[in-house]
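**Student:** Structure in structure tokens, see below.
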Amino acid sequence: MPPSWYRDRGQSFIEEQFNNELEGLAGLIEKEHWFGDPEKHSRYRVDFILRDARLIIELDGHEYHSTKEQLERAAVRQRYLTRAGYTVI
């Protein structure tokens, strides 16, 4: 469940396309999953997560990842997810 401050922008075009191609993996991969400590508002929303493989798939489009600030936030986020034991692609 998303934190109260989160404003859902919906899936980006690239996320929608990837989700449409999942077919056989649809039961294994969760989309738009909140990751982190629920007591701390589930820190980050990841695009796709495959828990058994400890794999997070992020589809970073230009619209949300083009400014210096956005790239810095994405780097901090990736370090957090990697320290939690996940591979992020």
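The values are calculated or read from the model by the stated rules, or taken from the named source; none is laboratory data. What you see is a predicted model; the values in this text were computed from it and never measured. Neighbour counts run over all protein chains shown; Cβ positions are idealised from the backbone, glycine included. SASA here: full protein model, heavy atoms, side chains in, ligands and nucleic acids out. Shrake-Rupley method; radii C 1.70, N 1.55, O 1.52, S 1.80 Å.
**Student:** Of everything in the stretch 27-67, what is of a type in the set (D, E, K, R), more than 15 Å from GLN11 (Cβ to Cβ) and at pLDDT 85 or above? Give them in sequence order. First the steps, then the outcome.
**Tutor:** Residues of the stretch 27-67 that are of a type in the set (D, E, K, R), as a first pass: 30-32, 37, 39-40, 43, 45, 47, 51-52, 54, 58, 60, 63.
Imposing the further condition that a residue be more than 15 Å from GLN11 (Cβ to Cβ) reduces the set to 37, 39-40, 43, 51-52, 54.
Within the stretch 27-67, ARG51, ASP52, ARG54 meet the criteria.
**Student:** Starting from residues that are among the aliphatic types (A, V, I, L, M) and in contact with a helix residue (DSSP H, G or I) (Cβ under 7 Å, 6 or more places away or on another chain), keep the ones in the stretch 52-89 and report whichever is least open to solvent (accessible area, probe 1.4 Å). Before you say what the answer is, go through the steps one by one.
**Tutor:** Filtering the stretch 52-89 down to residues among the aliphatic types (A, V, I, L, M) leaves 53, 55-57, 59, 71, 74-76, 81, 84, 88-89.
Within this subset, residues satisfying the condition of being in contact with a helix residue (DSSP H, G or I) (Cβ under 7 Å, 6 or more places away or on another chain) are 56, 59, 88.
On the way: ILE56: 0, LEU59: 30, VAL88: 27 Å².
The selected residue is ILE56.
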